[in-house]
Amino acid sequence: MASRRISSLLSRSLSTYLTSPVGRTSCVRRGLQRYSTASAIDEPITPPVDINYTKLLINGKFVDAASGKTFHTVDPRTGKAIADVAEGDSEDVNRAVSAARKAFDEGPWPKMTAYERSRILLKFADLIEKHNDAIAALETWDNGKPYEQAAQIEVPMVARLFRYYAGWADKIHGLTVPADGPYHIQTLHEPIGVAGQIIPWNFPLLMFAWKVGPALACGNTVVIKTAEQTPLSALYVANLCHEAGIPPGVLNVISGYGPTAGAALCSHMDVDKLAFTGSTSTGKLVLELAAKSNLKPVTLELGGKSPFIICEDADIDQAVETAHFALFFNQGQCCCAGSRTFVHESIYDEFVAKAKARAANRSVGDPFKQGIEQGPQIDPEQFNKILGYIKSGINSGATLETGGDKMGSKGYYIQPTVFSNVTDDMLIAKDEIFGPVQTILKFKSIEEVIRRANASDYGLAAGVFTQNIDTANTLSRALKAGTVWINCYDIFDAGIPFGGYKMSGIGREKGEYSLRNYLQVKAVVTALKNPAWL
């Protein structure tokens, strides 16, 4: 089913498909109901994929951890183990960095023609498409996201990203610069070396592509640490990368925990650059470890508490659907989720009533079932954290419109939850909940909502819903955020840069901007004798 629909969906954005009338009608036909029944959740479907890659990938080979240790990766639908995965630590990081260093200093990858690197990345993208359904099944099994989302949207996006960076590989070049005197000046754009990368659990494959794609296109070698909650899909696609022809040591994958494997990678003196996606608190530690070691440059994509502003002239039905998607997509486990829904006072009551009805009709259940919009949260820690925030919202005086509790007797399912009458000082309006909890706040004027929207330590993204171009222009320039979506949300084209202001991070990923993270700029100045011209 998924394979037949990939080509048509590639040209559609994530939110365009999932929030379109066609997509909504399709879900209704498949049996949307007020929260899926517990019995539907308690009978998980057996995923249609085998687990073949559970070891560390170092120097082109799958190997056990030096310690021999393993850890469980868990099915969030049931809380039961899927497989035992090799647990890497500092010794394994040393082995991987050593392989990556040798592959960079001596190996063929940075010395290969850019065109040849491009061809390998294009073949890799072809293999991702060929194995689309198996990759998506692993992603859903390990993460809990809906299979239709993984198979029809995310895996095709991964292939698209690698094709995008394959296209950049032979277009990276320096400049010739004029000077005041008899000198020839040129700039060289050189690969930075060994890139250490740490990816999160909410979008394991997409974050793999965002980081590995530009690093390899620029000629670097990579050591990437996966999140301990979701190691399986990265190991699978890394094997495909070698099948595509990437040399040993160029891409190394370490599964393990942050305090051991992650810290070792951040502190390693032979890692030339770090990229991290995760929480702001962990991002601070990454930056500290990088500074205390060899002062390696760091890019960080961190937390968010993004405002979604619904103006008084908005089409309310469209705004409700878009705001719903902006918050609840991926079980609410999205760093740029529109988690502060600001609604103009003139339409507030109508918006709340419709937002409540939409959340109450959200289909929740086994993510392998057709038509399911929301699967389980990632693990018990996140599950309990979200329930704690819901309790905080109730205790602080917000109005619980719908949801507010767990679902079923197995796994980590939470009811889609909506709060109204939320004020800026409440924890649910300030902290990153990272779950299916929509908070709806009221505002009176554009000047007021700009001030309140910007009164946050975060600045990752924002959304604006209005039919007035002047209002859209005013808000898009006034909001302190790395991305502002106008009358849409979560549009993630390969060429669109993504990153945050303030404590939402440092640097940008995707697009041309991400290439700068993996290149050194060298100026070469040559004296000229009797030049014909300057």
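Protection proxy ranking of 393-405, 505-517, by the mean of other Cβ atoms within 10 Å over each peptide's residues and highest first, is 505-517, 393-405.
The calculated P(r) of the stretch 453-522, using every Cα pair and 5 Å bins from 0, goes 4, 16, 22, 22, 18, 11, 5, 2, 1, 0 in percent.
Between the Cα long axis of helix 132-143 and the first principal axis of the chain there is an angle of about 60°, rounded to the nearest 10.
If Rh is defined by the Kirkwood formula over all Cα pairs and Rg also comes from Cα, what ratio Rg/Rh do you get for the stretch 64-199?
When Rh is taken as the Kirkwood radius, the ratio is 1.11.
Note on exposure: Asp126, Asp133 ranked by accessible area (1.4 Å probe, complete protein assembly) read Asp126, Asp133, with the most exposed listed first. For the stretch 336-482, the relative contact order comes to 25 percent (Cα pairs under 8 Å, sequence separation of at least 6). Mean sequence separation of contacting Cα pairs (under 8 Å, at least six apart), scaled by the length of the chain, corresponds to a relative contact order of 19 percent. Per residue, the accessible area of the chain comes to 39 Å², computed with a 1.4 Å probe over protein heavy atoms only.
Potential lengthening of the chain between Ser392 and Ile491 amounts to 32.5 nm, from the contour at 0.36 nm per residue minus the alpha-carbon distance. For the stretch 262-410, the pair-distance distribution built from all alpha carbon pairs, in bins 5 Å wide starting at 0, is 2, 8, 13, 16, 16, 13, 11, 9, 7, 5, 2, 0 percent.
For the chain, the longest principal axis of the alpha carbon atoms and the long axis of helix 90-105 meet at an angle near 50°.
Against the chain, whose longest principal axis is taken from its Cα atoms, helix 380-395 shows a tilt of about 40°. Per residue, the convex hull spanned by the Cα atoms of the stretch 359-436 amounts to 85 cubic angstrom.
For Asn487, the amide hydrogen comes within under 5 Å of the amide hydrogens of Val464, Phe465, Thr466, counting only partners 5 or more places away or on other chains and with H modelled in the peptide plane.
Where the alpha-carbon atoms of the stretch 152-286 are placed on the principal axes, they occupy 59, 35, 28 Å, in descending order.
Below 8 Å, C-alpha to C-alpha, sequence gap of six or more: please give me the relative contact order for the stretch 399-491 in percent. Taking the mean separation of contacting Cα pairs over the length of the stretch 399-491, I get 19 percent. Binning the C-alpha pair distances of the chain at 10 Å intervals from 0 yields a P(r) profile of 4, 18, 28, 26, 15, 6, 2, 1, 0 %, listed from the shortest bin outward. Computed from the Cα positions only, the extents of the stretch 366-516 along the three principal axes stand at 47, 39, 29 Å, in decreasing order.
Going 7 Å from the Cα of Leu287 along its beta-carbon direction, which residues of the stretch 488-516 have the amide nitrogen within less than 11 Å of the resulting point? Counting backbone N atoms under 11 Å from the label point, the list is 502-507.
Which residues does the label zone of Asn454 cover in the stretch 474-488, counting backbone N under 14 Å from a point 7 Å along Cα→Cβ? In the stretch 474-488, the label zone of Asn454 (backbone N under 14 Å from the point 7 Å along Cα→Cβ) covers 474-482.
Averaging Cα coordinates gives a centre for the stretch 486-515 and one for the stretch 171-208; these two points are 18 Å apart.
Counting protein heavy atoms only, the chain has 52 percent of its accessible area on carbon and sulfur, 1.4 angstrom probe.
The values are calculated or read from the model by the stated rules, or taken from the named source; none is laboratory data. Small disclaimer: the values here were computed from a predicted structure and weren't measured. All Cβ positions, glycine included, derive from the backbone under ideal geometry; neighbour counts span all protein chains shown. All accessible areas refer to the heavy atoms of the entire protein, side chains included, with ligands and DNA or RNA removed. Shrake-Rupley method; radii C 1.70, N 1.55, O 1.52, S 1.80 Å.
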